[in-house]
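Please read the structure below before turning to the comments.
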Amino acid sequence: MKADTVREMLPVIEDCMGDAPPYCHTACPMHTDVKGYVNLIAEGKYKEAIQTIRQKLFLPKSLGRVCAHPCEEHCKRNEVGNAMSIASLKRFAADNYDDEFDWDVTREPDRPEKIAVIGSGPAGAQAALDLRRQGYSVTVYEKHPVVGGMLYVGIPSYRLPREIINAEYSLLHRMGIKIKLATEVGKDIPFQEIVDTYDGVVIAIGAHKGFKLPVNGKDLPGAIQAVDFLREVSLTGTYKGFGKRITVIGGGNVALDSARTAVRLGAEKVHLVCLEKDIKEMFAHDWEVREALEEGVILHNSWGTEAIKGDDKVEQIILKKCIQVFDPKGRFNPAYDEGCQEIVETDMVIFAIGQGVDSDFATSVEVGRGGRFVVDEKTLQTNIRKVFACGDGTGISLMAVEAMAEGRIAAESLHRYLNLKDMRIQRDHERGYRTNLETSIPADDTNPERVNTRKLDIATRMRSFTEVDLGFSEEQAVEEASRCLQCECRLCVKECLMLQEFSPDCPKKYFKDALIAGEVDPVVPYSCNMCGTCTLVCPKDFKLQDAFMNMRKEMVMNNGGKSPMKGHKVIDMHQLLSFSRLFNTSRPARNGTNQPTAPTGGGK
Amino acid sequence: MSTTKRVFFPGCSLPSYNPMAVQKTLVHLQNHLPGTGAILKCCGKPTKALGQIDQFKKRYAGVQSEIDRLDAEEVIVACQSCFLTLSEYSPKQKVRSLWTILPEIGLPEEVRGIGKDSDITFAIHDSCSTRYRPDIHEGIRWIMDELGYKYEEPAHTKMTTLCCGFGGMVLPANPDLAQRIMKNRTSEVQSDYMVTYCAACRMSMMMGGKQSLHILDLVFGGPWTSKTPFPGAGSTVESWKNRRKAKKSIEKVLA
């Protein structure tokens, strides 16, 4: 192919958005084919939908309930405040059409290497699954008596029923992963023994260590940490020494989980105290705060903690007015009006102000602030080459689906490490990323309202840990799924019959394939009408006709100056005659006045 | 000193289709714009479209030498492909479309309102080659309003117009695809009647299943009603005969 031809093709090959994935797809750290399964649901192909989901996610029922769904944040419809309800659609497909007999339990032939995974939360479980699929022998050490990490001991059961976690995790057993429950590394087995015994180690222990504010009275009986509270309730169904009046400190999702759990344990008054001035500013999801308010939680915005009082147990909490959360430079730097205080009578104070990592057991691994493991961001390798760390234990707190992606990265790295492969090449887009797609909501779109799932009535949910969200009915799911804009570019293909015939995917693919093949079928460039509709609709203003025209020129040059198309012999003759004197004339203007001229030779 | 300020350049498809319209247009231009000569020649666009760039340059040089010989400062074109080709390759000349000239000089007095009692609504098909020339689109609407015919704007119109199917010499290369593109164009039009301002487009609309006219058929013929017989495809021989007629009448008008 000549340089002129290639020059017109290259920008299209580089920047055509015809194959650009939709926003939801790249926002998902696991790159779930959201558009694919949502549209399968819209078409009533529920079985295919759950199969599509399962290609990327092993716990669709769980994620359908608790995923913080970055896909919805990036949904095009969110620009007008009506993001698709993607997580609930996933839940619909999973709850009703998932069949464990369809699960993919295939794996590569067994390998001799043994891997230890410490922690069975979403990060550890994903790492274990990926490594097992590669054929490694995998053992998971879990300090709790249950699998799931924070899914089980953090998230309350009214959001995620326990039998769902257990059922979805059964895939690990079926894949032949050994799980040692209630086995704490560092206590029941030394970390060094694990490092010495196994060929590779993945640390995925999460962040289960609570913090307390450094205030007077923080160590009084009844002043506790949210993670401990939620864990005990998750494992035992109750909390020893639970009081009637509860105060939760914090504005994030863990604070909300604690407050709503307290409601369900029968507390008479549940206070939620946070620095942020309103629901919008709080870290917790808006809907979570709204549901808590419905359940009677008393919200105290713009309050900080001065002290906790009581003789031999918590009796009061003294609050002080918060007048600033972040300073003008954007740093967390709360300021208070010390003169403005409030006393709240309370039997318990639950601190939900963030978590740290309990990394003391792994003495040989380098840790940073908050006990978090120091890893190479790209490979998740620690200072010990065969030890990788992922999930909440390494960085800022992650969504479950982000933790899974981290687990996948750690598994990939370990696999490369064990096979002496380059650890760093071809590792783009292993997490959520921004697509290069640019689309607009069509002008004629009616912006249909987001369909909301059904909810358990307030009275029932305040009395029990029964699941609050009841999900979509089939009718609702189809209605919601049908709202999907099916974001893609391909505007030119939709407008052009020629592209539909010869380049049905997108010009990028056609030009790329042509460049690789080094030749094109003449019928393709000679089927372009050169009408410019593609350029008109192309967000990048690509002039495909110029590319096709250069192909034509090259073909003519290689064909003795003639078009390679047989049909064009007619045009050759036409042009020959068109330039012959027989049919040409040129006349200067007439001098003098104009006279009406009798029609000559007219008529058809 | 040359008396030729400008030339009328009717192109090839129009003379092959309706030589009488060529002649009448020339007379009309002459009456209102003294100093109008004429050149009947192909601009070479088909050669260029095939990719025969060297051949095209040679042929276009012939066009340019005729313009230069007549010393014309301005070229009035009736074909949108000519408009683009001449605009690009004759940078010294002012290239203007007949469809923007007519609103300036007016239509012949006798044809104003000629279509006001017609029972036909013509769907306008804009040429894709001049999709970015709103002055041309407006000129065509002005002509329709002056004539008094009712007209329809298709979903894709003016800048967003669709190809008639003939562009890029696709018809001889891939007749099946061209036919589908023609059908695609006409299928979004309500009316059974269409008006174009390119003779090749007219042919395509006809092949797409519509009764179709060139806008000069409306200016220099009619009134057209549903009872009027509409022109058909015309044979190749006939079109070359028409071309000869156009040549003869230009030579007669400018004798």
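Assorted remarks:
- Equivalent ellipsoid semi-axes - Cα gyration tensor, segment A:24-121, angstrom: 27, 17, 12
- The peptide list A:106-114, B:111-119, A:79-87, put in order of mean Cβ contacts within 10 Å with the highest first, becomes A:79-87, B:111-119, A:106-114.
- Once both labels are positioned 7 Å from their Cα atoms along Cα-to-Cβ, the gap between residue A:104 and residue B:110 label points is 8.0 nm.
- Working value for chain B: equivalent-ellipsoid semi-axes of 27, 23, 17 Å, each the square root of 5 times a Cα gyration tensor eigenvalue, largest first.
- In this entry, segment A:439-527 is assigned a mean projected area of 10.3 nm², taken as a quarter of its C-alpha convex hull surface.
- Taken along the Cα-to-beta-carbon direction at a fixed 7 Å, the label points for residue A:323 and residue A:396 span 2.9 nm.
- Remark: the residue A:80-residue A:14 segment gains 20.7 nm on full extension, using 0.36 nm per residue and subtracting the alpha carbon distance.
- Pairs with C-alpha atoms separated by more than 18 Å, drawn from the list B:150/B:210; B:92/B:252; A:553/B:57; A:378/A:421, are B:92/B:252.
- Computing FRET efficiency as 1/(1 + (r/R0)^6) for residue A:287 and residue A:114, where r is the C-beta to C-beta distance and R0 is 35 Å, gives about 0.20.
- Pairs of Cα atoms in chain A fall into 10 Å distance bins, from 0 up to the last occupied one, in shares of 3, 14, 20, 20, 17, 10, 6, 4, 3, 2, 1, 0, 0 percent.
- Here the Gaussian network model covers chain B, with springs between Cα atoms less than 10 Å apart; of B:175, B:91, B:34, B:91 fluctuates the most.
- Here the translational diffusion coefficient of segment A:214-297 follows from Stokes-Einstein with Rh set to the Kirkwood radius across Cα pairs; for 4 °C and 1.567 mPa s it amounts to 98 µm²/s.
- FRET E, pair residue A:374, residue B:155, Förster distance 51 Å, beta-carbon r, rounded to 0.05: 0.25
- Modelled spin-label separation between residue A:447 and residue A:174, with each label point placed 7 Å from Cα along the Cα-to-Cβ direction: 4.5 nm.
- Sorted on the mean count of surrounding Cβ atoms within 10 Å across their residues, most packed first, peptides B:241-252, A:226-237, A:579-590 read B:241-252, A:226-237, A:579-590.
- Tail beyond 16 Å, pair distance distribution of segment A:223-347 (Cα, percent): 62 percent
- Kirkwood hydrodynamic radius over Cα pairs of segment A:99-211, then Stokes diffusion coefficient at 20 °C and 1.002 mPa s, in µm²/s: 147 µm²/s
- Cα coordinate range in segment B:110-219, projected on the principal axes (Å, largest first): 43, 27, 23
- The stretch between residue A:341 and residue A:280 holds 19.6 nm of extra length on full extension. This uses 0.36 nm per residue minus the Cα-Cα distance.
- Rounded to the nearest 500, the helix-only mean residue ellipticity at 222 nm of chain A stands at -10000 deg cm²/dmol, with each DSSP H run of n ≥ 4 adding -39,500 (n - 2.57).
- 18 Å Cα-Cα reach of residue B:245 towards aspartates and glutamates, excluding residues that sit fewer than 8 places from it in its own chain: B:217
- Set B:24/B:94; A:240/A:329; B:48/B:241; A:187/A:455 screened for pairs whose C-alpha atoms are more than 32 Å apart: A:240/A:329; A:187/A:455
Read-outs: derived from the displayed coordinates by stated rules, not from any lab. Given the structure is predicted, the values throughout are model-derived calculations rather than measurements. Don't worry about glycine lacking a Cβ; one is built from the backbone with ideal geometry, like all the others, and counts go over all protein chains shown.
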